[in-house]
1. Out of (1) in a helix (DSSP H, G or I); (2) at pLDDT 90 or above; (3) closer than 14 Å to residue 178 by Cβ, what's the single condition that is false for residue 250?
2. Quick one: count up the residues across the range 269-290 that are surrounded by fewer than 18 Cβ atoms within 10 Å (Cβ to Cβ) and either within 24 Å of the chain's Cα centre (by Cα) or at pLDDT 95 or above (or both).
3. Of the numbered conditions (1) surrounded by 19 or more Cβ atoms within 10 Å (Cβ to Cβ); (2) at pLDDT 95 or above, residue 221 satisfies every one except a single condition; which is it?
4. With (1) touching a helix residue (DSSP H, G or I) at 6+ places or on another chain (Cβ under 9 Å); (2) farther than 18 Å from residue 114 by Cα; (3) surrounded by 17 or more Cβ atoms within 10 Å (Cβ to Cβ) as the list, and residue 72 as the residue in question, which single condition is left unmet?
5. For residues that are surrounded by fewer than 18 Cβ atoms within 10 Å (Cβ to Cβ) and assigned to a helix (DSSP H, G or I), tally how many sit in the range 336-362.
6. Under 6 Å by Cβ, and 6 or more places apart or on different chains, what pairs join a residue from the range 61-83 that is over 15 Å from residue 108 (Cβ atoms) with one that is surrounded by 14 or more Cβ atoms within 10 Å (Cβ to Cβ) and modelled with pLDDT of 85 or more?
7. More than 30 Å from residue 188 (Cα to Cα) and not in a helix (DSSP H, G or I): which single residue out of 106, 87 fits that description?
């Protein structure tokens with residue numbers, strides 16, 4: 001009896017065109033749009049290249065000359081330095097061919113055109129050299145033979161570019177939009193959770209009226225429909241994650257199975273939230289559906305799906321709101337899975353989702369049990 005109810009509920013639910021659209025086709029469409037919009041942006045904005053710099057040697061400084069040559073070589077050079085005169089350097093700076101000019105005179109000075117990341121690195125480079133120059137000069141006076149070794153050591157210290165391979169994560173900053181898209185799928189699963197109520201209450205649907213006259217215990221029917229809702233939402237989530245990972249080639253890192261697990265748990269939480277909403281909101285099925293979609297999309301908005309910068313603002317002003325928003329918790333769990341080497345924060349967010357699922361389910365059960373009707 002239980003498995004028959006489960007089987008037929010899943011089959012009937014998968015035939016719902018609105019469900020297929022909101023939980024499968026719409027996320028695929030949005031994911032494709034995100035991919036087209038953000039493709040390559042992260043690399044263009046944040047990939048570091050050697051900083052084009054002109055060096056004007058008014059006075060000879062062999063130590064600084066050697067340091068500049070050292071940081072301009074190798075697989076990941078800090079500078080792309082050219083030694084030239086002042087007029088040519090000024091011309092290149094005005095035309096935007098270089099980021100700054102380093103003047104070598106009695107001291108080292110820097111001239112830049114702006115205040116972007118490249119100019120900031122150049123400032124840090126020259127400041128660091130000046131702090132070390134005095135020590136090197138005094139050491140060179142005592143033992144000139146140490147100059148080559150000291151120059152090499154300074155070059156290695158000042159070359160701030162150190163490539164650190166990250167095996168478990170993606171370095172794409174825009175991946176948070178895809179996390180939010182998965183959270184949207186999870187919370188929109190609340191529309192399936194409505195069925196736990198509408199399929200069992202006589203005043204909500206003809207099916208509910210028949211079930212109330214059926215000898216099948218209401219608890220058995222409720223559990224079968226709930227499990228069916230969880231299964232359908234999990235299938236939709238697996239489909240969406242697979243489409244992003246294998247069709248759109250979104251880099252979720254090396255922990256893809258845990259992305260599936262986090263997404264599935266999030267969809268179960270969303271379904272349970274729909275069960276709670278349906279039990280608390282009176283009226284027609286359409287009214288319950290409207291409330292569920294409003295709550296879901298509001299949570300998605302606050303987690304950064306529409307405006308990426310709103311979530312950090314909420315974390316600063318109202319951090320508790322992020323902890324109570326299932327969409328934000330789902331996004332955070334996937335984000336921590338991406339950036340953390342360990343699993344502590346990811347597990348913490350998973351436990352939060354489990355607690356939310358239990359609370360939503362308990363509230364739904366309390367407000368729907370023993371419901372009676374004057375007539376059917």
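The values are calculated or read from the model by the stated rules, or taken from the named source; none is laboratory data. None of the values given here were measured: they were computed from a predicted structure. Cβ atoms come from the backbone with ideal geometry, glycine included; neighbour counts cover every protein chain shown.
1. If we test residue 250 against (1) in a helix (DSSP H, G or I); (2) at pLDDT 90 or above; (3) closer than 14 Å to residue 178 by Cβ, just (1) comes out false.
2. 0
3. For residue 221, the failing item is (2).
4. (1)
5. Number satisfying all stated conditions: 11.
6. 72/79; 72/81; 80/52; 82/54
7. Values: 87 fails: not in a helix (DSSP H, G or I).
Being more than 30 Å from residue 188 (Cα to Cα) and not in a helix (DSSP H, G or I) holds for just one of 106, 87, which is 106.
Each row is one residue, and each column tells you yes or no for (1) surrounded by fewer than 18 Cβ atoms within 10 Å (Cβ to Cβ); (2) within 30 Å of residue 174 (Cα to Cα); (3) under 39 Å from the mean Cα position of the chain (by Cα).
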residue: 53; (1), (2), (3): no, no, yes
residue: 59; (1), (2), (3): yes, no, no
residue: 79; (1), (2), (3): no, yes, yes
residue: 86; (1), (2), (3): yes, no, no
residue: 98; (1), (2), (3): no, yes, yes
residue: 118; (1), (2), (3): no, yes, yes
residue: 128; (1), (2), (3): yes, no, yes
residue: 132; (1), (2), (3): yes, no, no
